[in-house]
1. Picking from Ile77, Ile102, Ile86, which residue would you name as being modelled with pLDDT under 95 and open to solvent by less than 10 Å² (accessible area, probe 1.4 Å)?
2. Can you tell me which residues in region 182-238 are open to solvent by 10 Å² or more (accessible area, probe 1.4 Å), over 26 Å from Val294 (Cβ atoms) and among the aromatic types (Phe, Trp, Tyr)?
3. Determine, yes or no, whether Thr142 is at pLDDT below 95 and in a loop (DSSP other than H, G, I, E, B).
4. List the pairs whose first member sits in region 80-96 and is among the small types (Gly, Ala, Ser), whose second member is open to solvent by 10 Å² or more (accessible area, probe 1.4 Å), and whose Cβ atoms are under 8 Å apart, counting only residues at least 6 apart or on separate chains?
Amino acid sequence: MTENQGPKHKRDLTRRNVVVTGAGAVAAVGVAGGLAAGAFAGETGKGKKTPTPKASSSSSEVCYTLTSETTEGPYYIDADKLRQDITEDKEGIPLTLSLRVIDSETCKPVVNAAVDIWHCDALGVYSGYESLSTGGGGGAPTDAPTDAPSGTPPGEPPTDAPSGGTGGGGGGGHEEPTDDKRYLRGTWKTDRQGRVTFKTVFPGWYRGRTVHIHTKVHVDGTWTDAGYEGGTTCHTGQFFLDEESVLASAEVEPYSTSTTERTTLTEDTIYDQSGTTGGLLKLKYDKKNIAKGVIGSITMGVDPEATHEGTDDGVQPSASASASAS
């Protein structure tokens, strides 16, 4: 199954719902990892400021530089759980994501934006799509065309690049979910400094893509007791992790049990090799023991007036499209 194949995913840009799933949705899960857990301590939920590591130095927090837009991929699910801790019971190296959203023109923080993140687990499996993959045994999700012959595809690594690009092509074709699992998915709002923090696990890899995390930023919606409604998507992107950290993670279980061929950062056809602008996270961890946990941070420069759904080659779904991808 590809990250760029399939029919266009239709959704109503004027009506986006994020459903709250209980009072305990924001509670931190007690996973190991002193470094990451320490950074996440102090998360108190609605209306409280969460202490987070500084997202970046002033040198990397550059105004007038838009963060790269990428394809949404086929595994996005709208109406995700409204929460900061998205770990659930998944095993892996603890990862705390400290994100900041700023207006790329004014450098002012984008306040009360809804930020989505989602990614595969330590063995390359996406929640909601478990039947489309078999984990680290070599059959994890793939970006290769669905009609490709079995075995290693020739040429460049498969890609979920927008149509017209290299690799598999086809843009952000969406797959309908095959199960009701929602681990490693979540949505939360930015504070008055444009910051938001998530607790998750270091993602694994699958054939055809480097290690990555998907993200969306939604603005001009309304936060209600039911969640987040309306608004538009001003940014669709991906975060990337450097090779040193990925190689270190591959020595730790369960990552070390994966038999799936890995695409390196320089081989990936979605990452544009532009560093922070392209979504490369700044990482902090104990170089002698990455299993303790990782802190990843980045500032995203966005245009709040733009619309970037990332579903195809720039053509946005119509306002009459379906409102949900459940």
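1. The conditions single out Ile77.
2. Scanning region 182-238 gives a single hit, Trp223.
3. yes
4. Qualifying pairs under 8 Å: Gly92/Asp121; Gly92/Pro254.
The values are calculated or read from the model by the stated rules, or taken from the named source; none is laboratory data. Note that the coordinates shown come from a computational prediction; the quantities given were computed from them, not determined experimentally. For neighbour counting, all protein chains shown are included, and Cβ atoms are generated from backbone atoms with ideal geometry for every residue, glycine included. Accessible surface is based on the protein model in full, side chains and every heavy atom, while ligands, DNA and RNA are left aside. Shrake-Rupley method; radii C 1.70, N 1.55, O 1.52, S 1.80 Å.
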